[in-house]
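Read-outs: derived from the displayed coordinates by stated rules, not from any lab. Computed from a prediction, not measured in an experiment: that's the story for all the values here. Counting neighbours? That spans all protein chains shown, and the Cβs are built from the backbone with ideal geometry, glycine included.
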Amino acid sequence: MRRWLLLSVLAGVTVGVAQSGPSPLGLVPVPVPGLSASIWTEKPQYTIGETARIYFSISQAAYVYVFDIEPTGRVRLIFPNFWSPNAYRQAGTHVLPDQPTYQLRVAAPAGTETLQLVACTQPLSTPTGTYSDPYPLLGPDPESGRVAVLGLVPEPSCGCCVTAWTTFQIVATPAPGYSPCPPCWGITPCPPCSGFMYVTPGMGWFFSLSSGSWTFFIGDCPSGPGWCWYLGPDGMWHFKLQLCFGTCP
């Protein structure tokens, strides 16, 4: 994961029904009887490499979706995700990550990042993500991301969804001993690391020269010609070039 300027001194808490005007992704806040929502984080500012916790609250049971707008403008769905696919939540306050199988780690670039929550009384047809891309990319820029999100959320007239959003500041100083993506050094292609990325020692990326594509792996680098980036037990990225001569596996 990667990321923020706080809009207020109230830890970024915003309530869907209390907002006015278009939201960051173009959704128009419309009151839904009995349903309100808010979203915030434990800190107003993060350094690159830190893990983050996102909190949200809903006044009644609903299907909850959290969209992330990175400083680059890319829009991703970070909840539900591959590691936590169930969007339905009971009334109350909840925290992400909600499973021990993933983390939300702040990564480059520095700048302002936005989180937008949508809570609905009916489920939305959102992408589920994959093992190698658990937080689906909805758009490479704000406009395409906005169009994708608007295509997922029902018209305001349905009276079934509320929204809330907040922003954060990411500062450039990385947390010691952690880099969410390989350095690449400008001599190799970089893997498709997403804004919120779950990577721990023993995991890595392999670029196959045969297929011309990246594969996310756990354990040993896959066989075959290509290059392999893996996060070692020292918390540093390591690079291995794999070549073969004659008949390749």
Distance histogram for the range 16-171 (every C-alpha pair counted, 5 angstrom bins, percent rounded to whole numbers): 2, 9, 19, 24, 23, 15, 6, 1, 0
Mean separation of Cα contacts under 8 Å, 6 or more apart, over the residue count of the range 16-171: relative contact order %: 34 percent
Placed amide H near residue 138: partners under 5 Å, 5+ positions off or other chain: 75, 76, 77
Among 119-126, 44-51, the order from most to least packed when residues are scored by Cβ within 10 Å on average: 44-51, 119-126
